Amino acid sequence: MPRCKTVLSLNSGDSEGDTLIDQNARPQITVYSLGGTIASTKSGGVTGGVTPQLSAADLIAAVPELRDVADVTAVTFRQMPSGDLTMADLVALARAIEQSFDTGTDGVVVTQGTDTIEETAFALDLLVRSSRPVVVTGAMRNSTVASPDGSANVLSSVRVAASHDAMGLGTLVVINDEIHAARFVRKTHTSNLATFHSPSCGPLGWLVERRARVVLRVAPLADFGRVPEGDAPAIALIKCSLGDDARVLDQLASLGYAGLVVEGFGGGHVPARVVASLEKLAARMPVVLASRTGSGELLNETYGFPGSERDLLSRGLISAGVLDGPKSRVLLSLIMLTDAEPTHARALFETVAASMHSNDVTQQR
Ligand code: DAS
């Protein structure tokens, strides 16, 4: 029996049309596990400490309440600390997710290490074209300590992935009973359960009793073409700090980097002494200017001193808009994997970055 019904979409660029979860059918959810703390347990190795070992089936078996929510299919896709994931892993995962949607999955949950969720979730947001829910989750406490949070996060995530209200929100991060948009969420604490925040706008919703509540909706992301499988070109991410002359900038091209994201001070400022290096680099590769503050939109037209946002943008740097440095790097990596021509990369980056805060329905997928 088909679990989803296909309906004509008024504003989707997706030739297959949008799909709606059939609210009368039992939801079909696929859980992909990638490793991380949520999958970690004692290794018995010589170094001690926990390592990722639990499979997707193990994670699902630990949550009997899932039987009341959905039919769940478990897929162990990778088994590693999240810092070892690559862009190629994420492109492959996005393909697998799209295939599972094609064969009747209503929603997807990805479990992984929390360290890089803010990047992986945003990559999936850019890569997966379906409007069906994709939810990324993890855990801050592994299964060997008191009150591990993995099971509760899996249950909440499956509830969100099975929710009609989560359709069309892009990839979400569900953790600690909150629902966050991939484009805004950040890990903000090394160990606290409430580590995930969306500093620019707050969460889109929350879990209460057995329900997923979505109270805010994000603008649809602009499409930048189909990303091919393979390794993304090397993109450097450099944070400005007081007194540093950033001499490493002059070595980037010879080291083989194809692009750069620079996290400037405040609204998008760098020391005057590094301006010439950035201008030179921007003439040969895409150079994105983000803010190291981690919240808010890059300024555009306020300051006029050498190294100010006006100065840098006039010298060919690309504004990150509302994206922080790591997310800008994800976007630039995927764009360069799709179309490595620097002028195209610039236009594509600006289009996608602008769509984060646009309500122009013509940009919808
Ligand atoms: N083990 C780390 C990781 O894989 C941390 C975590 O999962 O929370 O990201």
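The values are calculated or read from the model by the stated rules, or taken from the named source; none is laboratory data. In this text the structure is predicted, and so the values were computed from the model without any measurement. When we count neighbours, we look across all protein chains shown, and the Cβ atoms used for this are built from the backbone with ideal geometry, even at glycine. All accessible areas refer to the heavy atoms of the entire protein, side chains included, with ligands and DNA or RNA removed. Shrake-Rupley method; radii C 1.70, N 1.55, O 1.52, S 1.80 Å.
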Could you tell me whether any residue of region 176-198 is outside any strand (DSSP E or B) and of a type in the set (D, E, K, R)?
yes
Within region 132-171, track down each residue that is open to solvent by 50 Å² or more (accessible area, probe 1.4 Å) and acidic (Asp, Glu).
165
For region 47-72, give me each residue that is among the small types (Gly, Ala, Ser), more than 26 Å from residue 119 (Cβ to Cβ) and in contact (Cβ under 8 Å) with a residue 40 or more places away in the chain.
62, 70
Just one listed residue, out of 354, 340, 283, is open to solvent by 50 Å² or more (accessible area, probe 1.4 Å), in contact (Cβ under 8 Å) with a residue 60 or more places away in the chain and hydrophobic (A, V, I, L, M, F, W, C), and it is 340
If I filter region 79-96 for residues that are modelled with pLDDT under 95, surrounded by fewer than 21 Cβ atoms within 10 Å (Cβ to Cβ) and more than 16 Å from the ligand (Cβ to nearest atom), do I get at least one hit?
no
Where the second residue is more than 16 Å from the ligand (Cβ to nearest atom) and the first is acidic (Asp, Glu) and lies in region 73-99, which pairs have Cβ atoms under 9 Å and are six or more apart or on separate chains?
98/127; 98/128; 98/129; 98/130
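For every residue, the table says whether it meets (1) under 21 Å from residue 327 (Cα atoms); (2) under 16 Å from the mean Cα position of the chain (by Cα); (3) open to solvent by less than 20 Å² (accessible area, probe 1.4 Å).
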| residue | (1), (2), (3) |
| --- | --- |
| 185 | yes, yes, yes |
| 189 | yes, no, no |
| 214 | no, no, no |
| 218 | yes, yes, no |
| 225 | yes, no, no |
Which ones in region 264-278 are in contact with a strand residue (DSSP E or B) (Cβ under 9 Å, 6 or more places away or on another chain) and either more than 26 Å from residue 198 (Cβ to Cβ) or aliphatic (A, V, I, L, M) (or both)?
270, 271, 274, 278
Of all residues being under 11 Å from the mean Cα position of the chain (by Cα) and within 13 Å of the ligand (Cβ to nearest atom) in region 102-131, which is surrounded by the most Cβ atoms within 10 Å (Cβ to Cβ)? Just the residue, please.
121
Only one of (1) in contact with a Gly (Cβ under 8 Å, 6 or more places away or on another chain); (2) on the phi > 0 side of the Ramachandran plot fails for residue 176. Which number is that?
(1)
Got a sec? Which of 53, 99 is within 14 Å of the ligand (Cβ to nearest atom) and either closer than 30 Å to residue 235 by Cβ or out of contact with any Cys (no Cβ under 6 Å at 6 or more places or on another chain) (or both)?
53
Listed residues 153, 142; which is part of a loop (DSSP other than H, G, I, E, B) and within 15 Å of the ligand (Cβ to nearest atom)?
142
Please find, within region 304-340, the residue that is nearest to the chain's Cα centre (by Cα) out of those that are among the β-branched types (Val, Ile, Thr) and farther than 21 Å from residue 91 by Cβ.
322
Look at region 197-212 and say how many of its residues are touching a residue at least 24 places away in the same chain (Cβ under 8 Å) and either more than 17 Å from residue 165 (Cβ to Cβ) or charged (D, E, K, R) (or both).
4
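Conditions tested, residue by residue: (1) in contact with a helix residue (DSSP H, G or I) (Cβ under 6 Å, 6 or more places away or on another chain); (2) buried (at least 22 other Cβ atoms within 10 Å of the Cβ); (3) part of a loop (DSSP other than H, G, I, E, B); (4) polar (S, T, N, Q).
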position: 248; (1), (2), (3), (4): no, no, no, no
position: 313; (1), (2), (3), (4): no, no, no, no
position: 322; (1), (2), (3), (4): no, no, yes, no
position: 335; (1), (2), (3), (4): yes, yes, no, no
